[in-house]
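The values are calculated or read from the model by the stated rules, or taken from the named source; none is laboratory data. If you're wondering where the values come from, they're calculated on a predicted model, not measured in any experiment. Virtual Cβ from ideal backbone geometry, glycine too; neighbours counted across all protein chains shown.
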């Protein structure tokens, strides 16, 4: 009987993983409907590195991708090379690494659940099922997010720390933490902090507040020291300012200054203002940022405007499922109540270190920067569900199981349909604009017959879509490197290359041009005016998924 049960559980686990994999890799070419700016940059830089060994800026095998002055870690691009080589530069090949990383994270959550819940197979399956249907897991796996790759490596590191009580296990964990730091900026704070907290857990510092003997201390800090050595290129890049670029852009110290309400601040000396002292308000904001990640409303329901207007937006959800968010505080209570257990300390250290990178930025609650915590959040939610179920009367448990199973099936269907179908209509706009995917291939068909192509796009980095959707030859692009704007330039980063000229179109003047292709909006290229010119012709008008006009191609012979 036990043998058959074990086989059934293994089969169920494999089936859950395969289904999870299917819904993370299927239809990537159409949902999300188009790539966003960062996806296009990652994809094109992968293609450029593959073709020439240089990124779009002409830098040979760079450590960071300059991209749009935010200097993305380049690991995602390097890992994407086999997929771009095999499939060409497509949305699917660009998103493949994230899809595989998301599937691997589901497996890791299942493995962590197995050890966390004392190797009980049924609870492991339950944790695996809950993890598989999470909105954040499905959403971030279907878009090229470097942060999703970071989560996989970070979770692998925590898994080894949790399950391997040996130096070899710790060093293996350090390797994965280092990979997470090479994947996304947040891990550069989270990974060292987690190892520091783990060090305090090992020496039980809060019990006696004593530092162990030097010989023992050397052995204890060895993993942290090796992490710093492995990630030395990151720290050396400080001299170039690269590692600090994104922090400077999003820092709470910069964006929220002077922290206090302006009308309460003494303009002569803001630090003498009372009760509006900036230190008081800044500390309050940081504490608020930290605890906002423990709010069930924020986790499951509330969608902040900076989330809604970005690719991290999940239609109708915040991050995790509605039901799961209700059990989070119960699970957190059980975790803290039993904090003496080593595994509970490690999960709590995971949460704290994962939130840390987000609290120093200006936004109140930012899932992308704290994405590391959500595997741990799922474990805590499952812990809350289990504890509540154990408290139920025996007669009520079968009824609750049936009801939960029905709700689980409903939520699974809803989450999948919401992400793959409905979210397509939610994700178009400023960050995943329409028109380019269908328009650029049409432009390619005619561009060799004309001397100039004038592009007007409302997007500050619109040029990247013209590179991505036609797999523009990187060698040819590198010839125009000198046309690029200087590093650190804010605002529109478009630059002229090949026949492309990025600027505003003013038809009364531009209609005098000959042998020119125009790409603009129906406002800048009004149909009634175009039809009056015998030498001008509208080739095609393009719409986004919502049916709104996004671009018009006009030729002038």
- Being touching a helix residue (DSSP H, G or I) at 6+ places or on another chain (Cβ under 9 Å) and over 30 Å from residue 45 (Cα atoms) narrows it down to one of 114, 76, 140, so name that one. 114
- Output the number of the condition that residue 242 fails; it satisfies all remaining conditions of (1) within 22 Å of the chain's Cα centre (by Cα); (2) farther than 26 Å from residue 163 by Cα; (3) modelled with pLDDT of 90 or more. (3)
- Among the residues of the range 353-395, write down those that are touching a residue at least 60 places away in the same chain (Cβ under 8 Å), under 21 Å from residue 134 (Cα atoms) and surrounded by fewer than 17 Cβ atoms within 10 Å (Cβ to Cβ). 388
- So is residue 494 modelled with pLDDT under 95, in contact with a helix residue (DSSP H, G or I) (Cβ under 6 Å, 6 or more places away or on another chain) and in a loop (DSSP other than H, G, I, E, B) or not? yes
- Top-ranked residue of the range 135-160 - restricted to ones that are surrounded by fewer than 24 Cβ atoms within 10 Å (Cβ to Cβ) and over 22 Å from residue 80 (Cα atoms), ranked as farthest from the chain's Cα centre (by Cα): 160
- Note on the structure: Residue count, the range 450-475, condition within 23 Å of residue 514 (Cβ to Cβ) and either in a strand (DSSP E or B) or without any contact (Cβ under 8 Å) to a residue 40 or more places away in the chain (or both), comes to 5
- Task: Determine which member of the set 89, 108 is under 27 Å from residue 366 (Cα atoms) and under 22 Å from the mean Cα position of the chain (by Cα).
- Result: 108
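Considering 532, 499, 514, which residue is touching a residue at least 24 places away in the same chain (Cβ under 8 Å), loosely packed, with under 13 Cβ neighbours inside 10 Å and assigned by TED's automatic domain parsing to the domain that holds residue 445? First the steps, then the outcome.
Values: 532 fails: touching a residue at least 24 places away in the same chain (Cβ under 8 Å); 499 fails: loosely packed, with under 13 Cβ neighbours inside 10 Å.
None of the others qualify; the one that does is 514.
Being at pLDDT below 95 and surrounded by 15 or more Cβ atoms within 10 Å (Cβ to Cβ): is that true of residue 452 here?
Values: at pLDDT below 95: no; surrounded by 15 or more Cβ atoms within 10 Å (Cβ to Cβ): yes.
It is false that residue 452 is at pLDDT below 95 and surrounded by 15 or more Cβ atoms within 10 Å (Cβ to Cβ).
Residues checked against (1) within 30 Å of residue 366 (Cβ to Cβ); (2) modelled with pLDDT of 90 or more; (3) surrounded by 15 or more Cβ atoms within 10 Å (Cβ to Cβ):
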{"site": "211", "(1), (2), (3)": "no, no, no"}
{"site": "220", "(1), (2), (3)": "no, no, yes"}
{"site": "246", "(1), (2), (3)": "yes, no, yes"}
{"site": "252", "(1), (2), (3)": "yes, no, yes"}
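If the requirement is being over 22 Å from residue 181 (Cα atoms) and touching a helix residue (DSSP H, G or I) at 6+ places or on another chain (Cβ under 9 Å), which of these qualifies: 109, 133? Quick ask: steps written out before the conclusion?
Values: 109 fails: over 22 Å from residue 181 (Cα atoms).
Just a single option satisfies the conditions, and that option is 133.
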- Going by the conditions given, is residue 446 assigned to a helix (DSSP H, G or I), modelled with pLDDT of 85 or more, exposed (fewer than 15 other Cβ atoms within 10 Å of the Cβ) and on the phi < 0 side of the Ramachandran plot? yes
- In the set 102, 43, the lone residue that is within 18 Å of residue 143 (Cβ to Cβ), assigned by TED's automatic domain parsing to the domain that holds residue 412, at pLDDT 95 or above and crowded, with 24+ Cβ neighbours inside 10 Å is 102
- Task: For residues that are assigned to a helix (DSSP H, G or I) and touching a residue at least 40 places away in the same chain (Cβ under 8 Å), tally how many sit in the range 1-58.
- Result: 26
- Message: Considering only residues that are more than 24 Å from the chain's Cα centre (by Cα) and surrounded by 16 or more Cβ atoms within 10 Å (Cβ to Cβ), which ones fall in the range 474-493?
- Response: 474, 477, 478, 484
- Has the range 141-159 got any residue that is assigned to a helix (DSSP H, G or I) and without any contact (Cβ under 8 Å) to a residue 24 or more places away in the chain? no
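Starting from residues that are out of contact with any strand residue (DSSP E or B) (no Cβ under 7 Å at 6 or more places or on another chain) and surrounded by 22 or more Cβ atoms within 10 Å (Cβ to Cβ), keep the ones in the range 49-65 and report whichever is nearest to residue 465 (Cα to Cα). Working first, answer last.
Looking only at the range 49-65, we keep the residues that are out of contact with any strand residue (DSSP E or B) (no Cβ under 7 Å at 6 or more places or on another chain), and these are 49-52, 56-59, 61-63.
Applying the additional criterion that residues be surrounded by 22 or more Cβ atoms within 10 Å (Cβ to Cβ) yields 49, 56.
Working: 49: 17, 56: 13 Å.
Checked the range 49-65; the qualifying residue nearest to residue 465 (Cα to Cα) is 56.
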